[in-house]
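Structure first, commentary second.
The values are calculated or read from the model by the stated rules, or taken from the named source; none is laboratory data. Please read all numbers here as calculations on a predicted model, not as lab measurements. Cβ: placed from backbone, ideal geometry, glycine included. Neighbour counts: every protein chain shown.
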Amino acid sequence: MKPVLIRLISRVLLVSMLAAPFQAVQAGMIGTDQVAVQSEREAVLSAMSRPEVVSQLQSLGVDVSVAKDRVAAMTDAEVRHLAGQVDAAPAGAKLTTWSAIFLIAIAVWVYYAYGKK
């Protein structure tokens, strides 16, 4: 390249570097307790988005958006307590006597139909 072109490109690059705004970026460490509380808060909010929870809240006269706002305003200890209750809740519906008998009957039928080979 010609020296004139190199000088021109160098000057343009120098001016553009000086004119460009530099922002100071600061990264910090976050503790595991902050991550845990955030994941617990997300777990509570996702549990509140399930259709059966929404219908139960509406039947009690509570607006879902108001309930989610209240969860967002909870302290970390309250969120941990509530997330523990959500995790400890049964995953399915209650097992009634008739449904237990039905499940046992299906298990016996499967055993006799496929287990005697």
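Taking VAL64 as the residue in question, decide whether it is on the phi < 0 side of the Ramachandran plot, at pLDDT 80 or above, surrounded by 10 or more Cβ atoms within 10 Å (Cβ to Cβ) and touching a helix residue (DSSP H, G or I) at 6+ places or on another chain (Cβ under 8 Å).
Values: on the phi < 0 side of the Ramachandran plot: yes; at pLDDT 80 or above: yes; surrounded by 10 or more Cβ atoms within 10 Å (Cβ to Cβ): yes; touching a helix residue (DSSP H, G or I) at 6+ places or on another chain (Cβ under 8 Å): yes.
Considered against the rule, which asks whether it is on the phi < 0 side of the Ramachandran plot, at pLDDT 80 or above, surrounded by 10 or more Cβ atoms within 10 Å (Cβ to Cβ) and touching a helix residue (DSSP H, G or I) at 6+ places or on another chain (Cβ under 8 Å), VAL64 comes out as yes.
Listed by first and then second residue, the pairs linking a residue in the range 60-88 that is within 16 Å of SER39 (Cβ to Cβ) and in contact (Cβ under 8 Å) with a residue 24 or more places away in the chain to a residue that is of a type in the set (Ser, Thr, Tyr) and surrounded by fewer than 14 Cβ atoms within 10 Å (Cβ to Cβ), with Cβ atoms under 9 Å apart and 6 or more places separating them unless they lie on different chains, are ALA83/SER39.
Give the number of residues within the range 1-45 that are in a loop (DSSP other than H, G, I, E, B) and either modelled with pLDDT under 80 or aliphatic (A, V, I, L, M) (or both). Working first, answer last.
Narrowing the range 1-45 to residues in a loop (DSSP other than H, G, I, E, B): 1-2, 20-31.
Imposing the further condition that a residue be either modelled with pLDDT under 80 or aliphatic (A, V, I, L, M) (or both) reduces the set to 1, 20-31.
Total meeting the criteria: 13.
With respect to being at pLDDT 80 or above, closer than 16 Å to ALA67 by Cα and in a helix (DSSP H, G or I), SER55 fits the description.
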